[in-house]
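One structure is given here, and the rest of the page talks about it.
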């Protein structure tokens, strides 16, 4: 994959808030190396440590989101580009499944324990009751969130639950997002627990957590049903031994049998493929080192031959200092022969930390071994990749110059470029409607929006496309979206609007 199609990490300048958050976490709880399972980086924490991390997030007063991922999440993310991106960019990814703990041992970096949402939420609620944190429950079936509130008030008389809301069931893009956002902003919670089920709750949170300003949003699945007493959890011994899934299967065999069978059919072969690719590489030890790179505001380093847990631990001071540097980074990975799940997770988190600081992480000339591993984990398009120093220099000189919306005045068409996500969707709306209004003033009735250079779009972007289509009809005019790339098609297909938006556009 060349640089033209890889995501630029500095498309937008960082806010001071993101920088403060990154600095806070670098000085907070002890840092253990994460591990990537099917390309998703899991944090190496216990339930108690997860609660500490969440309390640290609340203290920053900046928006964050937490994911409790199980096998089903990973299987869905393997097919769902948007969900995969959400898991990669979450502020905390917790291991909600004993099979994932077993997999982490197999991959050489054992997670300390299962951190299920249904275990995390009661502990977090207990801590919130003690410290006065404001809680809001969103979702679940009619009346369930209110029942959970009533039971919790009996258990914790001083608990500060500032709101509950169970919206009518509908698909993600058909929900009344304005009403939900209005209620949450009015309540001003510290912690938002969202119970829509995966991936709907994760996508809803990704769409709104920045604009809501809630310090911590967490998708909790069926946890509100447990808290309300509507559904009983498995006995402790089944939870401790990783057999809770059997208990749930016995309760809901018709709904869960097909899901569990499908998950195992995907998860086990994919995990085996990951292990095999990670185990194949062999390389003599070599230390990472700084390189010279004569471009202002950039630094360069040679990663050496190994990106493994053992190599990271051996050179921990070197590697942990890299994401903290206030400069773009060019990493020569051409000599990498041995990579493990910890090394992959480190690269993912390093990229995230750089992005939060408004900086780029560019991988220079990845070795065949690294390319195979990134490809098998569906991570190749997650990184900026340069084939040589010339291409890397072009990144250094032009990373922030391309516009998201570009106009072709001669053909009366627009091009969307880069990524359209919740963070920039309103800017794209403003620029696009201004151009279309100008086209219509010149008697254009058919406007083409070219998506050939659009690398990614999330559910906010998909909603924008629907909104534009409906708005243009009032002008009157027609918008056709053309040349959608596979990642964009994936998102539109899973939101069930691909035929409506793309039919006749290719």
* For residue 482 and residue 185, FRET efficiency with R0 = 41 Å and r from the beta-carbon atoms, rounded to 0.05? -> 0.65
* **Sorted by Cβ neighbour density within 10 Å, fewest at the top, the residues 442, 417** => 442, 417
* Extension reserve of the residue 170-residue 499 stretch, reckoned as 0.36 nm per residue once the Cα distance is removed -> 116.5 nm
* Asked: So how far, in whole Å, is the C-alpha centre of the stretch 335-387 from the one of the stretch 65-93?
  -> 18 Å
* Asked: Taking a ≥ b ≥ c as the square roots of the eigenvalues of the Cα gyration tensor of the stretch 62-140, is the shape rounded (a/c under 1.5), prolate (a/b larger than b/c) or oblate?
  -> oblate
* Structure fact -> Rounded to one decimal in nm, the spacing of the 7 Å Cα→Cβ label points at residue 387 and residue 295 is 1.6 nm
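Given 0.36 nm per residue, what is the gain on full extension from residue 315 to residue 403 after removing their alpha carbon distance, in nm?
Between residue 315 and residue 403, full extension yields an extra 27.7 nm.
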* Ordered by packing density, taken as the mean number of other Cβ atoms within 10 Å over each peptide's residues, highest first, how do 57-69, 423-435, 150-162 rank? -> 57-69, 423-435, 150-162
* To do: Let me have the 222 nm mean residue ellipticity of the chain computed from DSSP H runs of 4+ only, each contributing -39500 (n - 2.57), with the sum over all residues rounded to the nearest 500.
  => -14500 deg cm²/dmol
* In nm, give the distance between the simple-model label positions of residue 155 and residue 255, each being 7 Å from the Cα along the Cα-to-Cβ direction. => 2.1 nm
* Structure fact -> residue 325 and residue 426 label points (each 7 Å along its Cα→Cβ direction) are spaced in nm at 3.7 nm
* If the chain between residue 236 and residue 211 were fully stretched, how many nm would it gain, using 0.36 nm times the residue separation less the Cα-Cα distance? -> 5.1 nm
* **Least to most buried among 445, 413, 211, 292 (fewest other Cβ within 10 Å first)** => 292, 445, 211, 413
* Hey, can you rank 111-123, 189-201 by average C-beta count inside 10 Å, highest first? -> 189-201, 111-123
* Roughly how many whole Å is it from the C-alpha centroid of the stretch 249-264 to that of the stretch 427-506? -> 38 Å
* Looking at the square roots a ≥ b ≥ c of the eigenvalues of the Cα gyration tensor of the stretch 29-274, which shape do they give, rounded for a/c under 1.5, prolate if a/b is larger than b/c, or oblate? -> rounded
* Structure fact -> Yeah, the chain with a ≥ b ≥ c from its alpha-carbon gyration tensor (a/c under 1.5 is rounded, else prolate when a/b outruns b/c, oblate otherwise) is oblate
* Do you know the relative contact order of the chain, to the nearest whole percent, from alpha carbon pairs under 8 angstrom that are 6+ apart? -> 17 percent
* Neighbour-count order for 137, 318, fewest beta carbons within 10 angstrom listed first -> 318, 137
* **Highest-first arrangement of 261-270, 363-372, 385-394, where packing means the average Cβ count within 10 Å** => 363-372, 385-394, 261-270
* **Taking the stretch 57-120 and dividing mean pair separation by its residue count, relative contact order in percent (alpha carbons under 8 Å, at least six apart)** => 32 percent
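No lab work stands behind these numbers, since they all come straight from the coordinates. All of these numbers come straight from a predicted model, not from anything done at the bench. FYI the Cβ positions are ideal-geometry reconstructions off the backbone, even for glycines, and counts take in every protein chain you see.
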